[in-house]
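Single-structure report; data block below.
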Amino acid sequence: MAAEEAGFLSSLRCGRDGAIDLIDHYSDPGSTTIAECKYIGAGGFSEAKERWKEVYGHLKKHLPKLAADPSASPDSPYRTWLDPDRPIRRYRFCCTVSLTKKDVAKLEKLIAADFSELVGNGVEAVRHLAETEGAVRVLPWDWFHSELILCPSLAFRWFQGLPVGVSLFDRSGRRGQSFRGFLDGGGLAYFSRDRFAAQHGVQVKRGEADLLDGITTGELTALVLSGPGGVGKTRLAHELAGKLTEEIRGFDGYWLERGASADSVIALAKAYPAKASILLLVDYAEAAQRLAEIADAVANLIEQAGHNIRLIATGRASATNRIRDDLEVLNPDINSLTSQSAGGSAYLEWVVHSIIELEEFPDADALSSVCRGIPALAAFAVYLFRVDRPQFDAQFGALLGNQDFHSWSNKRISALVSVKSAREEDLASLALALPIPIEQQARFRKSHGALIDLLVTDRWVENIDGQLVAAHDILADALLARWVFEAETATNVRLQNLLMTAADAQDLPHALTVVARLQSHPGFAAIDGGQVLKTLSALHPEQTAASASQLLGGPILKIQGKLSLVANSPKLAETIRLEPTLHIGLAHIADEVVKARGEGVELIVPGAIGDLLDEVCTQQKSSNFILSRAYSFDHARFRDRAFENIKLFPTKEQTHFLLVRMLNSGETPEALREAVCNWLHLNGGQTCASFVYKAWLDAGGDRDEVKDKLLEWVGEHGVTPKASHVYKAWLDAEGDRDEVKDKLLEWVGEHGVTPEAQFVYKAWLDAEGDRDEVKDKLLEWVGEHGVTPKASHVYKAWLDAGGDRDEVKDKLLEWVGEHGVTPEAQFVYNAWLDAGGDRDEVKDKLLEWVGEHGVTPEASHVYRAWLEAGGSFPEIKGHCEDWLKKNWRRHDAVYLTKNLSMERDVTFGTVMRIVAWAGRNSKDEDAIYRLSRVSRWITRHHITRRSSWIISEATMAVFIVLFARIRLSHGERFACSILFGNFAKRYYPRDENWPAIIRTFCSCLRHGGVFCHVQGLPSRTWAILLDDALQRGLLDPETDRDAIIHAHELCRMAMDSDEYANLLAMGYLAAHS
């Protein structure tokens, strides 16, 4: 009625006594409008008149008495008619019969006359209705029919006819005494993040008000609420939907159940004659097999039909990535209910505490401990306390000594087993089957009737509309997990038996969906999905094939198991090819393969995967969901098809997914330049364009190609949460700071304490942005998130930019205490020590980090920072040698080779790796110094032929570079002289590699500027080398005269005159002097 009668809602509320069905307290101040609605199956004016007389009879019976004695019947619902503060100014009599205009006028006149009779009987409050034209109106079926066309949700509510898998959202929730009804039926207050933030003076990302605004304005098309069981995902979805379906926002709300498909959504939209605001809700989205095709349908309805459609999905945290992928075309916003940005554990503990405060529990603190982090369990306790006190005493009163939900549930199940003689396996089997529809209950009651009654009595299982359901998934999951994971060695056998039972009952797909909910359980890793499936597929091939979606897209099989399943089952491959719903699962497999490759995991990928992707992609679709993943899977095979798709849909919004995939997978920006520019020309201002800007800039694309559009985007969306990635990409690509500065700082002002702000702070400081511009918010961010893992990048950026150590010291050291052994700690150690931070403050954790990660390539930076800060080398020496053993080929070993080359007691292996490094990096100016220093220790070890070969090869490589220079520094000449002085020692082997050393010596003499006199070298060093060269005929007395003279000069400077003369007299250097 809201379309014409301002103030009424567009859905019927529950009827109320007092001859009032609908009441409007939102019209003119100080007045009220009342409507009475009558369903009339047959008849015309006479029937409508008769129904009005029924209503009038009630009014005539009660109103005169109340008017005569206002103090009588204080609780009477008819008192509303006499309220002097809200006098009734309009009355609407609605009936579902067709009436002529003449009949309507006649009935309106009759109703006004009856009100006039009431005035004559002393009911002065209805005089306005009796005497004012238009105050009374009759609304017949013809009026309602035209209104129902414009309001399909009301038509669905009255006359059903909803598409398959779609049901109406009801703001009032379930009714009755069930726990589920208690949760969403108004029995429990909702404790919002906004309220938490206000009470605690903290900032949360996307509180309820922000989410509502984002959905209403269109900033958010799809919202995913993720988190473990019991944290309030469904409740939050219900709260948001309740607000969105209020008249002020005007959305019609619908639940999409497991049978829903793209056709269901399209049929729903067709029920609306014009552009409509439709809210779709998907609970437990990971179980929705057709979620991706539904998302495609929604995107097309928005783009082509102009509908204002929004989608809210809930799902377990373990399935977030899959849900995100399925909704990719809608650019979903992921809102993790356990993330630090959403308040984290502090918010959940506040909710638990707030719920428990609703009642005066005998031991509230102990109850809070049991319910820690799980608001649903606290709500369950309140529910039992209110409606079933004996069950509360049995389940919570006696078990409050437990520290958490896991121990509480285990003890409760143990009590069922020991006291009630229930079998744990039967409990698990029943949990796996829930919910149980009414048509299947007879079979279950035959074998588990007593058990069902027991769980219903405990209120862990409820009967809702004839269906047996778990009061909450966390309770059903506890029953299942207790049996499956109780003994690790029995996990696979127990799970296999449960799944076999489900397969016998033709319920394997549902059972696998339930098992997937346990993915976050620590015991889940012990499941050998391949082994479990091997037996299942052998005994139940049809059920296995029917479960393809759960097996390919779920967690029970690891990626190699999924690949083997496709490779070894031609029937399954054929099913995938023919069944569109499985194409998404195939795309997920391709994505998992790409991810595994990126992590260095070796997989055996059957050709069937590529062939299936090829065939599926051939079926041309406007959606590029599968094609984009196929491209990532095999660039060469699907590259042409990807470009064809872009050419076919150059400006379609979802083409950006393919562009981003291709850029992120290594496609050159030049190859995609025209496509990116074309797409941005039309879509550059869309929210999703942020992904294109980021991918383009991260791939090294020309800034100027996207600059104008990007800056326009920043002007329009620069203060939205997603802008952080655009700022980071722009600044990392060396874009002009000043062009984004104002909006960036505005963004910091609004979102500077959210986790995502880390990217903006790092990019801004790395780009040499003014520290003081972001200092206050950055320090506030450190106070809020300074102990989270990602804080390492903020500390590094702040300290590298010259930020005050003391302002972040406390949180940084707290971070080190908690994360100091993680790989990311390297950034904190480097920055802290380079900034002059106290070594001793981080020493213990740093050395522990070195013990854990000391051979990783990045460890060299930690070693460098430690040593340059004056840290003790002996404390890390062994780790440095281990590092060099693995990383000697890396050029950045230059620093550690310096320190190690100066140590006396390094291993021979370390010595040889330093030599090899010098040879491999012969162009490095430090190469000669490494060779020279380490040569002092060479002759202390037994030098094998292999080792002498490495030494000679490295020496030749280094000196070839030196020979190309006309002039060497004194330091370099000194190093060359020390090196050959050590070669001249009698302990250095004269094997088959020795001539190469002597030839290099001769080349040095010919250069004339390589050697110099070094005080302290053995006096006969140069004489030994020169004599060997002469004996081998490597120096010609005529052509190498200058070289020989240079050698004699070195000899004379190294010896006293008598020693030199004696050598000549003995003929040692005869005929060559």
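The values are calculated or read from the model by the stated rules, or taken from the named source; none is laboratory data. Quick caveat: nothing in here was measured; it's all calculated off a predicted structure. Cβ coordinates were reconstructed from backbone atoms using ideal geometry, including for glycine residues, and neighbour counts include every protein chain displayed.
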Does at least one position in segment 850-863 carry a residue that is under 23 Å from E773 (Cβ atoms), under 33 Å from the mean Cα position of the chain (by Cα) and surrounded by fewer than 18 Cβ atoms within 10 Å (Cβ to Cβ)?
no
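Results for (1) of a type outside the set (D, E); (2) surrounded by 20 or more Cβ atoms within 10 Å (Cβ to Cβ); (3) within 21 Å of R1032 (Cβ to Cβ); (4) in contact (Cβ under 8 Å) with a residue 12 or more places away in the chain, shown as yes or no for each residue.
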| position | (1), (2), (3), (4) |
| --- | --- |
| S952 | yes, yes, yes, yes |
| T955 | yes, yes, yes, yes |
| V961 | yes, no, no, yes |
| R965 | yes, no, no, no |
| C976 | yes, yes, yes, yes |
| W994 | yes, no, yes, yes |
| L1005 | yes, yes, yes, yes |
| G1008 | yes, no, yes, yes |
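This table checks each residue for (1) assigned to a loop (DSSP other than H, G, I, E, B); (2) modelled with pLDDT under 85.
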{"site": "G181", "(1), (2)": "no, yes"}
{"site": "K243", "(1), (2)": "no, no"}
{"site": "E246", "(1), (2)": "yes, no"}
{"site": "D263", "(1), (2)": "no, no"}
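Condition test on E1038, is it surrounded by fewer than 16 Cβ atoms within 10 Å (Cβ to Cβ), out of contact with any Ser or Thr (no Cβ under 9 Å at 6 or more places or on another chain) and not in a helix (DSSP H, G or I)? Can you show your working first?
Numbers: surrounded by fewer than 16 Cβ atoms within 10 Å (Cβ to Cβ): yes; out of contact with any Ser or Thr (no Cβ under 9 Å at 6 or more places or on another chain): yes; not in a helix (DSSP H, G or I): yes.
Here the answer is yes, as E1038 does meet what is asked.
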Test A297 against the stated conditions and say whether it is in a helix (DSSP H, G or I) and either touching a helix residue (DSSP H, G or I) at 6+ places or on another chain (Cβ under 7 Å) or buried (at least 21 other Cβ atoms within 10 Å of the Cβ) (or both).
yes
For segment 806-826, name all the residues that are buried (at least 18 other Cβ atoms within 10 Å of the Cβ) and either modelled with pLDDT under 95 or over 18 Å from L778 (Cβ atoms) (or both).
V816, H819, G820, A825, Q826
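Inside segment 91-103, can you point out the residues that are surrounded by fewer than 19 Cβ atoms within 10 Å (Cβ to Cβ) and either within 60 Å of the chain's Cα centre (by Cα) or assigned to a strand (DSSP E or B) (or both)? Can you show your working first?
Filtering segment 91-103 down to residues surrounded by fewer than 19 Cβ atoms within 10 Å (Cβ to Cβ) leaves 96, 98, 100-103.
Correct list: T96, S98.
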Before we move on, is L168 closer than 30 Å to K61 by Cβ and at pLDDT 85 or above?
no
Residues of segment 300-329 satisfying the condition of being surrounded by fewer than 22 Cβ atoms within 10 Å (Cβ to Cβ), under 18 Å from D283 (Cα atoms), of a type in the set (G, A, S) and out of contact with any Pro (no Cβ under 9 Å at 6 or more places or on another chain):
none
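Answer yes or no as to whether L533 is assigned to a helix (DSSP H, G or I), of a type outside the set (S, T, Y), closer than 19 Å to P606 by Cα and touching a His at 6+ places or on another chain (Cβ under 9 Å). Step through it out loud before you land on a result.
Working: assigned to a helix (DSSP H, G or I): yes; of a type outside the set (S, T, Y): yes; closer than 19 Å to P606 by Cα: yes; touching a His at 6+ places or on another chain (Cβ under 9 Å): no.
When the stated conditions are applied, L533 does not pass them.
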Selection status of A797, of a type in the set (G, A, S), within 22 Å of the chain's Cα centre (by Cα) and part of a helix (DSSP H, G or I):
no
If a residue must be at pLDDT 85 or above, out of contact with any helix residue (DSSP H, G or I) (no Cβ under 7 Å at 6 or more places or on another chain) and either surrounded by 13 or more Cβ atoms within 10 Å (Cβ to Cβ) or assigned to a strand (DSSP E or B) (or both), how many such residues does segment 65-79 contain?
1
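Does A567 satisfy the criteria of being within 30 Å of N664 (Cα to Cα), free of Cβ contacts under 8 Å to residues at least 60 places away in the same chain and under 26 Å from the mean Cα position of the chain (by Cα)? Explain how you work it out, then say what you get.
Values: within 30 Å of N664 (Cα to Cα): yes; free of Cβ contacts under 8 Å to residues at least 60 places away in the same chain: yes; under 26 Å from the mean Cα position of the chain (by Cα): no.
No; evaluated as a whole, the condition is false for this residue.
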Hits in segment 559-586 - residues which are among the charged types (D, E, K, R), assigned to a helix (DSSP H, G or I) and over 20 Å from K534 (Cα atoms):
R577
Only one residue in W696, W730, W764 is out of contact with any Gly (no Cβ under 8 Å at 6 or more places or on another chain), at pLDDT 95 or above, crowded, with 17+ Cβ neighbours inside 10 Å and under 30 Å from G817 (Cβ atoms), so which one is that?
W764
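Of the residues that sit in segment 468-524 and are charged (D, E, K, R) and touching a residue at least 40 places away in the same chain (Cβ under 8 Å), which one is nearest to G554 (Cα to Cα)?
We begin by selecting, within segment 468-524, every residue charged (D, E, K, R); these are 473, 477, 482, 486, 488, 494, 504, 507, 517.
Then keep just the ones that are touching a residue at least 40 places away in the same chain (Cβ under 8 Å); that gives 473, 477, 482, 486, 494, 507, 517.
Details: D473: 18, D477: 17, R482: 21, E486: 22, R494: 19, D507: 16, R517: 10 Å.
Only one residue tops the list, namely R517.
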Residues within segment 566-582 that are crowded, with 18+ Cβ neighbours inside 10 Å and either closer than 26 Å to D296 by Cα or at pLDDT 85 or above (or both), tallied
5
Within segment 256-271, does at least one residue satisfy the condition of being surrounded by fewer than 23 Cβ atoms within 10 Å (Cβ to Cβ), within 21 Å of T338 (Cβ to Cβ) and over 22 Å from the mean Cα position of the chain (by Cα)?
no
Suppose we filter segment 419-439 for residues that are surrounded by 13 or more Cβ atoms within 10 Å (Cβ to Cβ), under 14 Å from L454 (Cβ atoms) and over 34 Å from the mean Cα position of the chain (by Cα); how many remain?
5
I want to confirm something. Restricting to segment 463-493 and keeping residues that are within 25 Å of E439 (Cα to Cα) and over 32 Å from the mean Cα position of the chain (by Cα), which single residue is modelled with the lowest pLDDT?
D465
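When you look at S414, is it at pLDDT below 90, part of a helix (DSSP H, G or I) and within 30 Å of the chain's Cα centre (by Cα), yes or no?
Values: at pLDDT below 90: yes; part of a helix (DSSP H, G or I): yes; within 30 Å of the chain's Cα centre (by Cα): no.
Answer is no for this residue.
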Of all residues in segment 183-218, which are modelled with pLDDT of 85 or more and among the acidic types (D, E)?
D194, E208, D210, D213
Scan segment 248-261 residue by residue and report those that are part of a loop (DSSP other than H, G, I, E, B) and farther than 13 Å from V282 by Cα.
I248, R249, G250, F251
